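This report concerns only the one structure given below.
The values are calculated or read from the model by the stated rules, or taken from the named source; none is laboratory data. In this text the structure is predicted, and so the values were computed from the model without any measurement. Glycine gets a Cβ as well: all are built from the backbone with ideal geometry, and neighbour counts include every protein chain shown. Just so you know, the surface numbers come from the protein's heavy atoms only, side chains and all, with ligands and any DNA or RNA stripped out. Shrake-Rupley method; radii C 1.70, N 1.55, O 1.52, S 1.80 Å.
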Amino acid sequence: EICRDDELSCYQPMPLRPRPMPTVITPVVGDPAPAEVPERGPATMFLQDVYQGLPGIERGKVKYLRVMEPMNLTWDQAACSEGCGLQAAAVSMGADVAIKKVHGIATVHEDGSAFFTVPAEKNVFFQALDEDFMELQRMKTFINLMPGEQRSCEGCHEVRRKAPALKGSIPMALADPVEALRPQPGDTGPRAVHYETDVQPILDKYCIKCHGGEKPKGDLVLTGEPTGLWNVSYQNLLKKKLVSFLEGGFGSANVPAEPPMTFGSHQSKLVDRIRQDPCNADLKREEFIRIVTWIDANVPYYGTHKGKKNAQHKEAPDFRPVPLVGK
């Protein structure tokens, strides 16, 4: 025992003896002038060549980067929400444990470069998309940036110890000012991915005339009646393996890189079906993008932790509310 005082807490003593100043690390954002207040604006991200780390994807295939956010669950939300298995608040049926937000897309140039804004102080990850907004590769971890921070990467899933290549020309993305994220076709701005507002209305419009009623085609029912924590169509799509997703396993911190198109919309039977007659007859491009975005967000059901979820509460006024950023 070093010290005891009946009137002064000694639980967390503070050193008083002078010591050398620790090494000063150069900040990633510029210091504002003394009289200025730091602007809480976005960060910027530069990608040199998305094809570095994308084996099997020919150049020209990647057209966009989608910026997504896995939104955290707070303790108060966990306490009042209904869970599913190891999910403190139900999000998906064995798939993703985090609700997802689409912040927008950025252009990938012909040389594979991109230069775009990123929302600051958010956990974000990127998806490489083809011309149909279908995921070719997904960043399986996430990063966060401070306001005004500038960060860059060499490629997609590149080796961390590998230095950028010395190029004789300036990357195409740097020839213009930084690009602000823009909405996908059919979106008006950032939004949560929410099955009941993104996917079920499309199924109601085109699919339940064949996949509903007493004798549904292919023994597949795609109606929207609540069942437990989900609804009929969601359970059938996942149980019948008509959508491909990364299972939300627990117990390991290892997140290995996997080859492009290992899972997601390019591996989903549902997507193959809706691109063929008669299912694609009247399907609009924006509606197709909504479906593949949901799949590539790893098929979450909920886009909010608010409200009651179990079907036994379906008469409650706060039963499965629409997320505020999902309208």
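Hey, what's the chain come to in accessible area per residue, 1.4 Å probe, Å²?
58 Å²
Given a Förster distance of 41 Å, report the FRET efficiency between K140 and D6 from their Cβ-Cβ distance, rounded to the nearest 0.05.
On the way: r = 54 Å, r/R0 = 1.32.
Efficiency, rounded to the nearest 0.05: 0.15.
Run the numbers on the chain and let me know its relative contact order in percent, using alpha-carbon pairs under 8 Å that are six or more apart. Write down the numbers at each step before the final one.
On the way: 582 pairs, mean separation 74.3, N = 327.
That works out to 23 percent.
Taking springs between alpha-carbon atoms closer than 10 angstrom, which of A114, A98, A281 fluctuates most in the Gaussian network model of the chain?
Comparing A114, A98, A281 in the GNM, the peak value goes to A281.
Mind checking the angle between helix 285-296 and the chain's longest principal axis? C-alpha axes, 0 to 90 degrees, to the nearest 10.
Tilt relative to the chain: about 60 degrees.
Let me have the 222 nm mean residue ellipticity of the chain computed from DSSP H runs of 4+ only, each contributing -39500 (n - 2.57), with the sum over all residues rounded to the nearest 500.
Working: 6 runs with 43 residues, N = 327.
Roughly -3500 deg cm²/dmol at 222 nm, from the helical runs in the chain.
Within the accessible area of the chain, what % is carbon and sulfur when the probe is 1.4 Å and the other protein chains stay in place?
Answer for the chain is 55 percent, counting heavy atoms of protein chains only.
Taking square-rooted eigenvalues a ≥ b ≥ c of the alpha carbon gyration tensor, is the chain rounded, prolate or oblate, where a/c under 1.5 means rounded and, failing that, a/b exceeding b/c means prolate?
The shape class here is oblate.
Sort segment 255-327 into rounded, prolate or oblate with this rule: let a ≥ b ≥ c be the square roots of the eigenvalues of the Cα gyration tensor; rounded if a/c is under 1.5, and if a/c is not under 1.5, prolate when a/b is larger than b/c, oblate otherwise.
Cα axes put segment 255-327 in the oblate bin.
Holding the Cα-Cα limit at 26 Å, pick out from K61/K239; K215/K239; K100/K209; K217/K309; K122/K284; K140/K239 the pairs that are longer than that.
Violating the 26 Å Cα-Cα cut-off are K61/K239; K100/K209; K217/K309; K122/K284.
In a Gaussian network model over the chain where Cα atoms closer than 10 Å are linked, find which of P13, P201, P190 has the largest mean-square fluctuation.
P13
Taking 0.36 nm per residue of separation and subtracting the Cα-Cα distance, what length does fully extending A281 through T26 add?
Extending this stretch completely gives an extra 86.0 nm.
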